[in-house]
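Colleague: Below are the structure tokens for one structure; questions will follow.
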Amino acid sequence: MPESTSINVGLIAKALPCAPLWIAQRAGLFAERGLDVRYELLGSGDAVTAALSDGRARFGLTTPEGALGDRALGGPLRILGALANQLPFRLIGARGRDTIASLRGGRVGVSSMTEGTVHVIQGMLARHGLRYPDDYRLDVVGTHVDRWELLQKGEIDAGLQITPWDLMAIDAGFPDLGAPSRYFPEWAFIVVTSDSGWYRQHPGETESFLGALREGAAVIYADRQRAAEMVAAETGIGTRLVAAALGDLAGGMLPQDLRITPGAVASVVQGMADGGAGGDLDLARTTVVDDAFL
């Protein structure tokens, strides 16, 4: 029996859009293709970008700003596909912060000041007349799991919570301040990234990895209960909440073919530009996607 090829994957956290990875692992879809895929939780998009750049990870399931920022400076990182072309979040307030207007003077928790949803927060609050940094603080506090803990302790006033953590918060009586997808219908949230210098030298592994991910995504659409049971076992979240979250993903957020949409990329680039990101963002927007392996 031929020896399998080890592939390390960097994740920010156990976010539900990464479900195709876990399904592919548990259903043996990677093993069928001769891949031994392992993932590491790195805590931020910045950390995943660093791991891709130094070779500790061959693929990243992460937010796209790292690859876009790298490409804007002429770098080798590329986006090979997408696991979410829409934002699977709701903005959850602390108790007593019942409207977005009530966040004036408050603290909003984010995972990074350069990647992830920081640009979404700024754009969403700006629609309600709140401008950063004059009207509220942004505090880097960690992932959605950390934000949920801090919301419960009253140590931040709001934070975006990914599905199904948004459902947990609403069930627990925390204010639902709305979905950012109302303001940004397309937004690349979780993408598959890799270093072009590596994947072009390893086309077989790259095609196999993406093929297994695509099959994992297909399970979510074809057999929701089976998918929910596997994802629940991986994350420790109840099957009912996982099934509801996977239903959200299958409602249009997760592309069955893993293809990223131009509008989803453009929204992120605009958010980066509004946030003062440097480099040639037009170069990044037009050349960062390489979907030849899909």
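The values are calculated or read from the model by the stated rules, or taken from the named source; none is laboratory data. The structure presented is a predicted model; accordingly, all values stated were derived computationally and were not measured. Cβ coordinates were reconstructed from backbone atoms using ideal geometry, including for glycine residues, and neighbour counts include every protein chain displayed.
Colleague: Being surrounded by fewer than 19 Cβ atoms within 10 Å (Cβ to Cβ) and out of contact with any Lys or Arg (no Cβ under 7 Å at 6 or more places or on another chain) is the filter here, so list the residues in the stretch 182-198 that pass it.
Modeller: Within the stretch 182-198, Arg182, Pro185, Glu186, Gly197 meet the criteria.
Colleague: Look at Pro203 and say whether it is surrounded by fewer than 19 Cβ atoms within 10 Å (Cβ to Cβ), closer than 21 Å to Gly60 by Cβ and of a type outside the set (A, V, I, L, M).
Modeller: So Pro203 passes the test.
Colleague: Test of understanding: among Leu258, Leu283, which residue is farther than 19 Å from Leu61 by Cα and hydrophobic (A, V, I, L, M, F, W, C)? Steps first, answer last, please.
Modeller: Details: Leu258 fails: farther than 19 Å from Leu61 by Cα.
It is Leu283.
Colleague: Here is a follow-up. For Gly263, indicate whether it is touching a residue at least 60 places away in the same chain (Cβ under 8 Å) and in contact with a Pro (Cβ under 9 Å, 6 or more places away or on another chain). Break it down into steps so the answer makes sense when it comes.
Modeller: On the way: touching a residue at least 60 places away in the same chain (Cβ under 8 Å): yes; in contact with a Pro (Cβ under 9 Å, 6 or more places away or on another chain): yes.
Spelling it out, Gly263 is indeed touching a residue at least 60 places away in the same chain (Cβ under 8 Å) and in contact with a Pro (Cβ under 9 Å, 6 or more places away or on another chain).
Colleague: Got a number for residues in the stretch 181-224 being in a helix (DSSP H, G or I) and acidic (Asp, Glu)? Walk me through it before giving the result.
Modeller: Step one: filter the stretch 181-224 for residues in a helix (DSSP H, G or I), giving 181-182, 196-199, 203-222, 224.
Then drop every residue that is not acidic (Asp, Glu), which leaves 205, 207, 215.
Qualifying residue count, the stretch 181-224: 3.
Colleague: Between residues in the stretch 84-95 that are in contact (Cβ under 8 Å) with a residue 12 or more places away in the chain and residues that are basic (Lys, Arg) and assigned to a loop (DSSP other than H, G, I, E, B), which pairs lie under 9 Å by C-beta distance while being six or more apart or on different chains?
Modeller: Between residues of the stretch 84-95 that are in contact (Cβ under 8 Å) with a residue 12 or more places away in the chain and residues that are basic (Lys, Arg) and assigned to a loop (DSSP other than H, G, I, E, B), the close pairs are Asn85/Arg259.
Colleague: Another question, then. Would you confirm, using the coordinates I've provided, whether Val268 is closer than 23 Å to Gly75 by Cβ, β-branched (Val, Ile, Thr) and part of a helix (DSSP H, G or I)?
Modeller: yes
Colleague: Return yes or no: is Val289 modelled with pLDDT of 95 or more, out of contact with any strand residue (DSSP E or B) (no Cβ under 9 Å at 6 or more places or on another chain) and either outside the structural domain of Ala27 (by TED's automatic domain parsing) or surrounded by 17 or more Cβ atoms within 10 Å (Cβ to Cβ) (or both)?
Modeller: no
Colleague: Out of all the residues in the stretch 235-255, is one or more more than 23 Å from Asp171 (Cα to Cα) and either crowded, with 16+ Cβ neighbours inside 10 Å or assigned by TED's automatic domain parsing to the domain that holds Asp171 (or both)? Give the derivation first.
Modeller: We begin by selecting, within the stretch 235-255, every residue more than 23 Å from Asp171 (Cα to Cα); these are 252, 254-255.
Now narrow it down to the ones that are either crowded, with 16+ Cβ neighbours inside 10 Å or assigned by TED's automatic domain parsing to the domain that holds Asp171 (or both): 254-255.
Looking for residues that are more than 23 Å from Asp171 (Cα to Cα) and either crowded, with 16+ Cβ neighbours inside 10 Å or assigned by TED's automatic domain parsing to the domain that holds Asp171 (or both), one finds at least one in the stretch 235-255, hence yes.
Colleague: Kindly provide the set of residues from the stretch 175-192 that are more than 15 Å from the chain's Cα centre (by Cα), farther than 20 Å from Ser111 by Cα and not hydroxyl-bearing (Ser, Thr, Tyr), ordered by number.
Modeller: Matches in the stretch 175-192: Pro175, Arg182, Pro185.
Colleague: Take the stretch 208-223 and flag every residue that is buried (at least 16 other Cβ atoms within 10 Å of the Cβ) and under 21 Å from the mean Cα position of the chain (by Cα).
Modeller: Listed by number, the residues that qualify are Phe209, Leu210, Gly211, Ala212, Leu213, Arg214, Glu215, Gly216, Ala217, Ala218, Val219, Ile220.
Colleague: Which condition number in (1) in contact (Cβ under 8 Å) with a residue 24 or more places away in the chain; (2) in the same structural domain as Leu213 (by TED's automatic domain parsing); (3) on the phi > 0 side of the Ramachandran plot is the one that Pro76 fails?
Modeller: (3)
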